[in-house]
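S.K.: I am attaching a structure below and will ask some questions about it afterwards.
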Amino acid sequence: MKPDTLKKLAAVSTATLTTVLFKRGFRNVFLQDVRPVAADERRMVGPAYTMRTIPAREDIDTLDVFADPSNIQRRGIEECPPGHVLVIDSRGDAGAASGGGILLRRLMVRGVAGAVTDGGFRDSPDIARLAFPAYHRRPSAPTNLIRHHPVGLQEPIACGGVAVFPGDIMVGDAEGVVCIPAHLAEEVAEEAFEQTVYEDFVEERVAAGHSIRGLYPMTDPANRILFDAWRRERNR
C-alpha cells in the first residue's frame, strides 16, 4: 500500500468508505457486531493478516498447547508483519477469548497496526488503555481453549460476516471496521478522501443554516462555485 493511500484512508470514515464501495457494487464490507474495545477515536489502517479457528476439542485444546512454538495462535502473534492488522475468524463466537492483553501488547510492541475478531478479547480494560486499535464483538474472560482451536494463518476467512482475504485493507474507526478488496484500495482511498472534503464543506454550510437542497448532492452550480472557493481558502 502506498504511503499516500494509507494517509488518505486514515483520514476518512468507515461510513464514507461503505458508500464508495457501494458505488462499485460491494454491499457486504462492514464487519457486523464488531466494535472498538476503547471508546475513544483510534484509527486503524493496514493489510489483513488472517487467522482461522474451528471449534475447540477437549482432548486437544489443553493448557499444554501454549508451550508448543508451532501453536497457530502464538505463531500469528509473532509472525503478523508490522503495519498489518491481525484479523481473527472466531466464527462470531464470543464465548471465549480470541486473545488477551499480553498478546495484543506484543502485537503493539512489534508495530502491528491493529487486531480484529468477531469473537471477544479478554483483559479488555487493559487493552482499552493500550495505544493500539482493537475491535471485537464483546469482552470475554474465558481462555480461548474453551471455544477456539486456531488452524490456519493467511487463508481466506470470514469475520463479522465479511469475506476477508490476506492483504485486503482493513480500516477501523469509532464506528467499526471496513474491509476493502486490496486491488481497489488506491482508487477507493482517493474517492473517499475527495468525498470527505466535500462533506466537510456541506457540514459547514448546514451548520450555518443552509438547506441540503442543491447542496447534498451538489446539483446547484452556485454551490459548486462556493465549494471551489472554500477549498482554495483551506488548501484542501
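S.K.: Ranking request for peptides 37-45, 82-90: highest mean number of other beta-carbon atoms within 10 Å first, then the rest in descending order.
M.R.: Values: 37-45: 16.7, 82-90: 24.1.
In descending order of packing, they fall as 82-90, 37-45.
S.K.: Have a look at 165, 193, 201 and tell me which one the Gaussian network model of the chain (Cα, springs below 10 Å) gives the largest fluctuation.
M.R.: Most flexible of the set in this elastic network: 201.
S.K.: Mind telling me which of 94, 222, 185 comes out most flexible in a GNM of the chain, alpha-carbon contacts under 10 Å?
M.R.: In the Gaussian network model the winner is 222.
S.K.: Going by alpha carbons, how many degrees (0 to 90, nearest 10) lie between the helix axis of 221-234 and the longest principal axis of the chain?
M.R.: Here the helix axis deviates by roughly 60 degrees.
S.K.: Follow-up question, since we're still on this one. Working out 0.36 nm times the residue gap between residue 154 and residue 220, then minus their Cα-Cα distance, what length gain in nm do you get to one decimal?
M.R.: 18.9 nm
S.K.: From the Cα gyration tensor of segment 27-180, with a ≥ b ≥ c the square roots of its eigenvalues, which class applies: rounded if a/c is under 1.5, or else prolate if a/b is larger than b/c, or else oblate? Walk me through the numbers on the way to the answer.
M.R.: Numbers: a/c = 1.41, a/b = 1.32, b/c = 1.07.
Verdict is rounded for segment 27-180.
S.K.: Quick one: net charge of residue 207's neighbours, Cβ under 15 Å, K/R +1, D/E -1?
M.R.: Working: positive: 205; negative: 199, 200, 203, 204.
Result for the neighbourhood of residue 207: -3.
S.K.: Also, quick follow-up: So for the chain, taking the charge dipole from beta-carbon charges (+1 Lys/Arg, -1 Asp/Glu), which of 97, 38, 119 sits furthest toward the positive end?
M.R.: So the residue furthest toward the plus end is 38.
S.K.: Another question, if that's okay. For the chain, what is the mean residue ellipticity at 222 nm derived from helices alone (per DSSP H run of n ≥ 4: -39500 (n - 2.57); sum divided by total residues; nearest 500 deg cm²/dmol)?
M.R.: -10000 deg cm²/dmol
S.K.: Sticking with this one: Angle between the Cα long axis of helix 185-207 and the longest principal axis of the chain, 0 to 90 degrees, nearest 10?
M.R.: It works out to around 50 degrees.
S.K.: Then there is this: Which ³J(HN,Hα) values, rounded to whole Hz and listed in residue order, are derived for segment 59-69 from phi using the Karplus coefficients 6.51, -1.76 and 1.60 in 6.51 cos²θ - 1.76 cosθ + 1.60 with θ = phi - 60°, glycine and proline given as x?
M.R.: Karplus values, whole Hz, x for Gly and Pro: 7, 10, 8, 10, 4, 4, 5, 5, 7, 8, x.
S.K.: Taking Cα centroids, how far is segment 136-203 from segment 1-75 in Å?
M.R.: Cα centroid of segment 136-203 versus Cα centroid of segment 1-75: 5 Å apart.
S.K.: Moving to a separate point now. Could you give the dipole magnitude of the chain about its Cα centre, charging the beta-carbon of Lys and Arg +1 and that of Asp and Glu -1, in debye to the nearest 20?
M.R.: Details: 29 positive and 32 negative charges, 55 e Å.
Around 260 debye, computed over the chain.
S.K.: Can you tell me the dipole magnitude for segment 97-236 around its Cα centre, using point charges on the Cβ only (Lys, Arg +1; Asp, Glu -1), in Debye to the nearest 20?
M.R.: So the magnitude is around 660 debye.
S.K.: Still on this structure, please answer the following. Compute a Gaussian network model of the chain, connecting alpha carbons closer than 10 Å, and tell me which residue from 221, 125, 139 fluctuates the most.
M.R.: Most flexible of the set in this elastic network: 221.
S.K.: Also, I was wondering about something else. So what's the angle, to the nearest 10 degrees on a 0 to 90 scale, between helix 14-23 and the longest Cα principal axis of the chain?
M.R.: Relative to the chain, helix 14-23 is tipped by roughly 70 degrees.
S.K.: For Cα pairs less than 8 Å apart in space and 6+ apart in sequence, what is the mean separation divided by the residue count of segment 27-180, i.e. the relative contact order in percent?
M.R.: 40
Quick note: the coordinates plus some simple rules give every number you see, no bench work behind them. This one's a predicted model, so the numbers in the text were calculated from it and none came from an experiment. Here the Cβ is made from the backbone with ideal geometry for all residues, glycine too, and neighbour counts use every protein chain on show.
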